[in-house]
Structures are given as C-alpha cells and as structure tokens.
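Below is one structure, written out as structure tokens; the observations come after it.
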Amino acid sequence: MIETLRKPSKAVEIAVVGKYIQLKDAYKSIYEALTHGGIANDARVTIRMVESEDVEQKGAEAALGGVAGVLVPGGFGYRGIEGKVAAIRYAREARVPYFGICLGMQCAVIEFARDVCNYAGANSTEFDPKTKHPVIDLMERQKHVSGLGGTMRLGSYPCELLPDTHAAAAYGAATIGERHRHRYEFNNAYREKMRRKGMVFSGVSPDGALVEIIELQDHPWFVAVQFHPEFQSKPDRPHPLFRDFVAHALAAARPTW
C-alpha cells in the first residue's frame, strides 16, 4: 500500500536575512529547521532569501514587506551587518515575529541599544573595536587567545530558563543544553539598562554570567539566542524554538490558503 502525503493546510512566508545567501548550502540547516517547524504546525514554509546588503541598499520595507516572520542567522565579519540590524529594527517596530541565532542575537542587542536605549554608535567590538558602547564584546576567556583554530566557545553548554517566557514555554523545561560556536558575548555592563527598557534575559548560564537568550516585552514573539538550535532539529522532532517561531508567524500572517 502506497501512503499518500497530505498537503499542508496552511502556508507562511518567512525571510532569512543573511550574508551568504548566494552560497547554496550556507544556511541549509536553518532552512531545514524552518521546514520542520512547518511540519509541526501543518504548514508549508516558504523562505524569502534576503541578502543583508540588499536591505542596506533597498531599505527594510522593500526587502521584507509582507513576510510573516524574520530570521537572522549566524555569521562573521562586518559586511552586511547594518542590513541585519535594519531588518531587526523592522521586525521589532512592525511587530513581526523575529528569531535571531548567534550573530542574529548579537545584532538584535546592537539594534536595541541604538534605537531603544539611545546608545549612539553601539556595536560589537568585532566590528568596531573603538565603539563607545561595546554592547557585544569578546569573551573574557578569549581575550588572550592567540591561535584561533578550534578555540571558540564550542560544544554543548547548559542554560537556565526564566519562567513565564517564550523560551520556557517552548522548551517546557527549566534547564536546557544547546550547541555553541562563538567568541563574542553580551556585555553585562549593559544588562540592567536594557532590562529597564524592556529586554528580557530569558536564558542565562548556570552561574548567571553569560546571556544565552533574549526576548522583548510587548512584542508578539521576539526571541534571539546565542547558540545554534538548528543543529538539533529533525523532521519528526522539530526544535521547539523553530516550532513556536513558525506558529507565531502563522498567527501574524494574512491567510494564504
């Protein structure tokens, strides 16, 4: 007996704003995890692949208008960063569900610092070593590393979740473990000011020293993580953050079915 695959009953368009869009497999794990999230929601996910430099040139509205969700993935280097920051501002102000991963979390912190906290020129020291507001900075343990190679923060690390947050609701757990690959972190010198302005630190390392997940108050779904959840997603076991991101994008979308 041949099983007939049932067509999803819903559809949603999500933008992935990246620096390596022209490289076919650069974000393959992201695309697959979004598809898994669609499966969990009985939905077909259409991905609008957006070069972050196009956002810089055309503007966020022209590049992203009409999408039901925005995802900014990881990456390195300054090229295209301002386009990612502009895309995040669009998602925040237009109240479009947003999911940031690794660099996508760091760019969300930069955008919030500049446009909500009024820290002009706020940046990561990876992109501007002389910024007056280094809201993202090299991890303390990385400052004396000379040979790069495999010396980043690599592998799985535990994370404690704050109750009554999107992250806690997605995972249904108090402690999780996720995979990391980075050298830069949220600068804790800015944590209290950003908290007062509406940033929620929904996931931190067990000792409280490292911010792993941020959210925003008064936004339908704005979640950004320092780690790489896409690597733990499977068709029959979608990652909970991708599942919930797609669910909120569906809720925000105009019906297309």
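The values are calculated or read from the model by the stated rules, or taken from the named source; none is laboratory data. Everything numeric here is computed off the predicted structure, so don't read it as measured data. For neighbour counting, all protein chains shown are included, and Cβ atoms are generated from backbone atoms with ideal geometry for every residue, glycine included.
Miscellaneous remarks
- Of the candidates 52, 9, the single residue that is modelled with pLDDT under 95, out of contact with any Pro (no Cβ under 9 Å at 6 or more places or on another chain) and of a type outside the set (A, V, I, L, M) is 9.
- Every pair of residues 6+ apart whose Cβ atoms lie under 6 Å, when the first sits in segment 12-24 and is in a loop (DSSP other than H, G, I, E, B) while the second is buried (at least 24 other Cβ atoms within 10 Å of the Cβ): 19/52
- The residues listed here are 184, 190; of these, the one that is in contact (Cβ under 8 Å) with a residue 40 or more places away in the chain, surrounded by 14 or more Cβ atoms within 10 Å (Cβ to Cβ), over 18 Å from the mean Cα position of the chain (by Cα) and farther than 27 Å from residue 40 by Cβ is 190.
Results for (1) in contact with an Asp or Glu (Cβ under 8 Å, 6 or more places away or on another chain); (2) surrounded by fewer than 22 Cβ atoms within 10 Å (Cβ to Cβ); (3) within 17 Å of residue 233 (Cβ to Cβ); (4) of a type in the set (Gly, Ala, Ser), shown as yes or no for each residue.
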residue: 15; (1), (2), (3), (4): no, no, no, yes
residue: 21; (1), (2), (3), (4): yes, yes, no, no
residue: 38; (1), (2), (3), (4): no, no, yes, yes
residue: 46; (1), (2), (3), (4): yes, yes, no, no
residue: 51; (1), (2), (3), (4): no, yes, no, no
residue: 65; (1), (2), (3), (4): no, yes, no, yes
residue: 82; (1), (2), (3), (4): yes, yes, no, no
residue: 89; (1), (2), (3), (4): yes, yes, no, no
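- Candidates 59, 77, 66, 37, filtered to the one that is over 25 Å from residue 123 (Cα atoms) and either modelled with pLDDT under 95 or more than 17 Å from the chain's Cα centre (by Cα) (or both): 66
- Whichever residue in segment 91-109 is surrounded by fewer than 24 Cβ atoms within 10 Å (Cβ to Cβ) and without any contact (Cβ under 8 Å) to a residue 40 or more places away in the chain and, among such residues, is nearest to residue 13 (Cα to Cα): 94
- Those strands (runs of 3 or more DSSP E) of segment 142-257 in which at least 2 residues are at pLDDT 95 or above and within 24 Å of residue 91 (Cα to Cα), considering only elements entirely within it, cover 199-204, 211-216, 222-225.
- Restricting segment 88-128 to residues that are assigned to a loop (DSSP other than H, G, I, E, B) and either in contact with a Gly (Cβ under 7 Å, 6 or more places away or on another chain) or of a type in the set (A, V, I, L, M, F, W, C) (or both), the residue that is farthest from residue 221 (Cα to Cα) is 127.
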